[in-house]
Every structure is written in structure tokens, then in C-alpha cells.
Amino acid sequence: MAVCDPTLEVELGLLAEGASCVIGCDEVGRGALAGPVGVGVAAIDGTHGTMPVGLRDSKMLSEPRREALAPLAVAWVLHSAVGLASAREVDEIGIIAALGLAGKRALAELFAAGVDVRGSVVLLDGNDDYLNKVLATPLSVVTRVRADQDCASVSAASVIAKVHRDQLMIAADAVTPGYGWSGNKGYGSAEHMAAIGRLGPTGLHRKSWLTISA
């Protein structure tokens, strides 16, 4: 995958069109077998400074680089938040609705912090507006494929959310060892799959996703 530097071109265009803020939005943990799914949000307005050097989509960064960049991204944006939906919620309502629920929780944090969420435009990575599917009052959402690579606010949200969720899985590994979560972060590695077969699932596993043969 080619490495590219995100810009603020899209965000500045949306601000020029009248948005009070642009809220970059990205998901994390969607394909994991264990742990929550998360949605990161990062709001910027016309007061933003220079973006952190090296900011990119979290998937293009090493774990140490993500960890170093996350606090810089938090300091750069106006406000940020990470909303989570638990493995149990993924099992009960499905992954798309769980993404919407996690995003709703993240946006509620921004609102509580004073962000004009209603007057903002949400710049959402991908082509599926899972947010408005769960909101009683629709927001202005712009979906964009590769926004996590091309748009700096979404890159920031991506890094912030990835580091937040990774830290949760590392902490969970210390409490429930044997599944390798510090390394695989809940994704279906060979080590993780073998551990499920040997130890069984935990409360952090998305049980509806497990397809281990007897």
C-alpha cells in the first residue's frame, strides 16, 4: 500500500461552505473476534494549526509511531472522542448497528465538550453512513472512500481510536491471559483461534462470530 500524506483540502472546502466544524470519523475493531468496536471522532474548525508531522491513516503506521502520534493528534484537533460498543452489543444488534451506536456515543462526548455537532459536517470514512441509521435527528454526513488516508481530520480520528482500543485490549490480556490480545488486539490470528479452541470464549468474544469446528 502506497504511503500518502493526508491534507485538509476537503475539510477546508466544507468549512468554506458554512460548516461550523468538520468532524473526522473512522471505525476501529470492526473485524475483530474479541473486544469492542470503536468509532473515533476528531473535530476541527477554522482555528486549527499545523497538523502533526507524520500523521497518516493508522493502518499505515507502526504501533510505536501510532502511540507517539495519538497525543499529538488529540492536542491538534479542537476536541476528540472514542465511542465503543461492546462485544455483547455486536452480538445482539449486529456490527453495522453497533458501529452506529459507538459513533453516537462518540458524538455525544463531542456535544458535551461544547462542539456544535448539529452545525458540523461529519466526514466519514467509507461509503456507508452507519451514523444516521441510529440517530433520531439526522446529521450532515459526507461519506468518502479512503478518507482515512486523504483527510487529516479522519486520519487523526483513526489514530486516536486505534491507540485507545489497542490499550483496552492490552489491559484485557493482562486480566485474561492466554489469547494473545496484546499482540493480535482481538483479531483472528492463528494463536488467538487456537486459544479459543483450547480455552473457550470469554465475555469479550463476539460469540456470534466464532465458527470453530469441534
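The values are calculated or read from the model by the stated rules, or taken from the named source; none is laboratory data. Predicted model only: the values in this text are computed from it and were never measured. Glycine also receives a Cβ, built like all others from the backbone with ideal geometry; neighbour counts cover every protein chain displayed. All accessible areas refer to the heavy atoms of the entire protein, side chains included, with ligands and DNA or RNA removed. Shrake-Rupley method; radii C 1.70, N 1.55, O 1.52, S 1.80 Å.
Can you tell me how many residues in segment 147-162 are part of a helix (DSSP H, G or I) and more than 9 Å from the chain's Cα centre (by Cα)? Number satisfying all stated conditions: 9.
Of the helices (runs of 4 or more DSSP H) lying entirely inside segment 1-116, those containing at least 2 residues that are open to solvent by less than 60 Å² (accessible area, probe 1.4 Å) and within 20 Å of residue 162 (Cα to Cα) are 63-76, 87-93, 95-112.
For segment 157-169, indicate whether the set of residues that are free of Cβ contacts under 8 Å to residues at least 24 places away in the same chain, out of contact with any Asp or Glu (no Cβ under 8 Å at 6 or more places or on another chain) and open to solvent by less than 60 Å² (accessible area, probe 1.4 Å) is non-empty. No, segment 157-169 has no match at all.
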